[in-house]
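Structure, as structure tokens:
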Amino acid sequence: MVTLMLASILLLLSAPSVHPVTLPGGPPVSMDYLAWDAAHGRVWIPAGNTGRVYVLDARSGKLDSVEGFPTAKRGERTVGPSSATAGENYVYVGNRADSSVCAVEAKTLSRKGCVTLASMPDGLQYVAPTKEVWVTTPRDKSIVVLSVKDPAAPAVAGKIDLDGQPEGFAVDAGRALFFTNLEDKDRTLAIDARSRKVLFNWKTGCGEAGPRGLAVDTGRQHLYVACTDRVKLLDERDGKVLSELETGGGVDNIDYLPAKKQVYVASGTTGTLSIVEDAADGSLKRAASVPTAPGGRTALVDSDGTVYIPDSKEGRLLVVKP
């Protein structure tokens, strides 16, 4: 009995804890893609309907904001800044209101140059080997390539036409590979970042709802693909499915921490965060399940293993401490 009680106490002490950070301007505060700026230890939180991007210091908890982003009505929704990616000393913010991508100096939070795209941006990903930002534009079935060789002045440098609507992204910088899904085709693509050619086009097996988020372990060449209710582990070299694990419905963007070999999957349907271990035998195993909030469907992990999940309905960011 004593041993069981001690085990229960240790489990409670080691369980992740959830701390909400209320964001000004809501509720609601519409959030989609978050970004982690490892160089400055900050989480970037595009908050579409507020016209702001909030910036959270992961250590101090201080919340700053970058103001003045345009917003626009799309039916009953107000859209604005919705995605971000951290480059070298700059963070790039995509805006659905005016189809722009703007550079923001990471240290000072001062806005710099912007570029307007022909189609509404969805996800942004900095591609270090080519010093570019790749922007998924699903309405146009394409990826727009931005040069950021002048980091304060992003400029259109090309376009990659696809056979479907790109959704999700991940980069293997060492091999200069960019991964994305075709949500409407149930496919996962590997693209050479230098030639901009599609090298592989794999059947993902997510079904009609299609694949969503992506993450990669570059060391083991493992690619993690989120379906709407599960996560799949693919071999980066040939697309073979090595393992999969159910996580609950309403899954969108996922993240991965190589140091812990863990995938972080938020289920908006069940209001839980699944912490999934990529085990040594190549199988996915649930390491923990943490209650979060209904509707929280994306997850971002920082360098220390803290996970950030948007709760747009309640206008707050959920911070899950390991």
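The values are calculated or read from the model by the stated rules, or taken from the named source; none is laboratory data. Bear in mind the structure is a predicted one, so any value in this text is a computation, not a measurement. So basically every Cβ, Gly included, is an ideal-geometry build from the backbone, and we count neighbours across all protein chains shown.
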- Message: Looking at region 45-81 only, could you name the residues that are within 17 Å of P310 (Cα to Cα), free of Cβ contacts under 8 Å to residues at least 60 places away in the same chain and touching an Asp or Glu at 6+ places or on another chain (Cβ under 6 Å)?
- Response: R52, V55
- Note on the structure: Looking across region 98-128 at residues that are among the aliphatic types (A, V, I, L, M) and free of Cβ contacts under 8 Å to residues at least 40 places away in the same chain, the single one that is nearest to K149 (Cα to Cα) is L117
- Note on the structure: Going through region 300-322 in order, the residues found to be farther than 13 Å from I45 by Cβ, touching a Pro at 6+ places or on another chain (Cβ under 9 Å) and either of a type in the set (A, V, I, L, M, F, W, C) or in a loop (DSSP other than H, G, I, E, B) (or both) are D304, G305, T306, V307, K313, E314, V320, P322
- Going by the structure shown, is Y33 of a type outside the set (A, V, I, L, M, F, W, C), within 23 Å of V148 (Cβ to Cβ) and part of a strand (DSSP E or B)? no
- Is there a residue in region 260-270 that is free of Cβ contacts under 8 Å to residues at least 12 places away in the same chain and either buried (at least 19 other Cβ atoms within 10 Å of the Cβ) or not in a strand (DSSP E or B) (or both)? no
- Message: Anything in region 88-120 that is aliphatic (A, V, I, L, M) and surrounded by fewer than 18 Cβ atoms within 10 Å (Cβ to Cβ)? List them, or say none.
- Response: L109, A118
- Is it fair to say D150 is under 20 Å from N253 (Cβ atoms), at pLDDT 95 or above and not assigned by TED's automatic domain parsing to the domain that holds D229? no
- In region 95-136, what residues are more than 20 Å from L34 (Cβ to Cβ) and not hydrophobic (A, V, I, L, M, F, W, C)? D98, S99, T108, S110, K112, G113, T116, S119, P129, T130, K131, E132
- Can you name the strands (runs of 3 or more DSSP E) wholly within region 63-109 that have at least 2 residues being touching a Cys at 6+ places or on another chain (Cβ under 8 Å)? 90-95, 100-105
- For residues that are over 15 Å from the mean Cα position of the chain (by Cα), part of a strand (DSSP E or B) and within 17 Å of D235 (Cα to Cα), tally how many sit in region 245-259. 1
- If you go through region 251-264 one residue at a time, do you hit one that is at pLDDT below 95 and not hydrophobic (A, V, I, L, M, F, W, C)? no
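Residues checked against (1) under 29 Å from K62 (Cα atoms); (2) of a type in the set (G, A, S); (3) at pLDDT below 95:
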| position | (1), (2), (3) |
| --- | --- |
| R74 | no, no, yes |
| S82 | yes, yes, no |
| V91 | yes, no, no |
| G94 | yes, yes, no |
| K107 | yes, no, no |
| S110 | yes, yes, no |
| T116 | no, no, no |
| S119 | no, yes, no |
| D122 | yes, no, no |
- Message: Looking only at region 272-295, filter to residues that are of a type in the set (G, A, S) and under 16 Å from V231 (Cα atoms); which one of those is modelled with the lowest pLDDT?
- Response: G282
- Message: Of everything in region 165-200, what is among the small types (G, A, S) and surrounded by fewer than 17 Cβ atoms within 10 Å (Cβ to Cβ)? Give them in sequence order.
- Response: A173, G174, A176, S195
- Message: Restricting to region 180-221, name every residue that is within 22 Å of A279 (Cα to Cα) and in contact (Cβ under 8 Å) with a residue 60 or more places away in the chain.
- Response: G213, D217
